[in-house]
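Report on one structure; see the data block that follows.
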Amino acid sequence: MPLAAAAACAGPAQLRVAGAVERIRALRPLAGGPGRSTGVTAVRRMWVPAVNRWVWSHVSSVAVLGFWHVLNASLWLVYSVIGHAVWGQTVGKRVTGVKVMQLSGDPLGLKRALLRDAASWVIAIVNVAGDFPKVMVGINPAHIKDRGTVGQILVWGAMAWFVLELATMLLNDKRRAVHDLIAGAVVVRVGPAVTEPAARREAAVTVRP
């Protein structure tokens, strides 16, 4: 998510704001259902920091650290894109009985899944590129206090993006946020009581000329 990708760039003030925004974000409904902080996302928040600390405490090779830096930033985005492109779901969405589909009810597909996470990819790439020179001399990005103007822009940009997503989600009856509008996607219920044809009907919208 953009806020998660930009969190490492934040100073104390931005971290306080980001914390408040994340608490609000956890309440965001998906197609009238549960919030987005579910499944692997919750697991990630628990164990990734621990793994990151272990890597930086036990690995001295800058090549390995550089590889880990890129992997740590991109793995979850790859997981999200593949999950939505192939199955329309990540583990969390499957558990909570929701699925991402095209407006027609067809599977999302790779192109639309990439578009849906485009903002997160941009922030992750800028973060990785900005920190990479320091990583290659053995500096842990978590210990970088001053990330300069680019870091500040990333943090506030991510927060502004979230506010825009929340506003668009609240202003349409299918609760489609900006990333859904960009990808031509909608999140629908597909729990045990909801058949696939019913999910297609829920996804379908009337396009007015």
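The values are calculated or read from the model by the stated rules, or taken from the named source; none is laboratory data. Just so it is clear, the structure is predicted and the values come from calculations on it, not from any experiment. Here the Cβ is made from the backbone with ideal geometry for all residues, glycine too, and neighbour counts use every protein chain on show.
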Residue pairs within 8 Å by beta carbon, gap of at least six or interchain, first lying in the stretch 126-153 and under 17 Å from ARG53 (Cα atoms), second among the acidic types (Asp, Glu), listed first then second, are PRO141/ASP131; ILE144/ASP131
Taking the stretch 127-158 and the residues there that are at pLDDT 90 or above and of a type in the set (A, V, I, L, M), the one that is surrounded by the fewest Cβ atoms within 10 Å (Cβ to Cβ) would be VAL137
Is one or more of the residues making up the stretch 171-178 of a type in the set (Gly, Ala, Ser) and touching a residue at least 12 places away in the same chain (Cβ under 8 Å)? yes
Residue count, the stretch 51-90 (criterion: outside any helix (DSSP H, G or I) and surrounded by fewer than 16 Cβ atoms within 10 Å (Cβ to Cβ)): 3
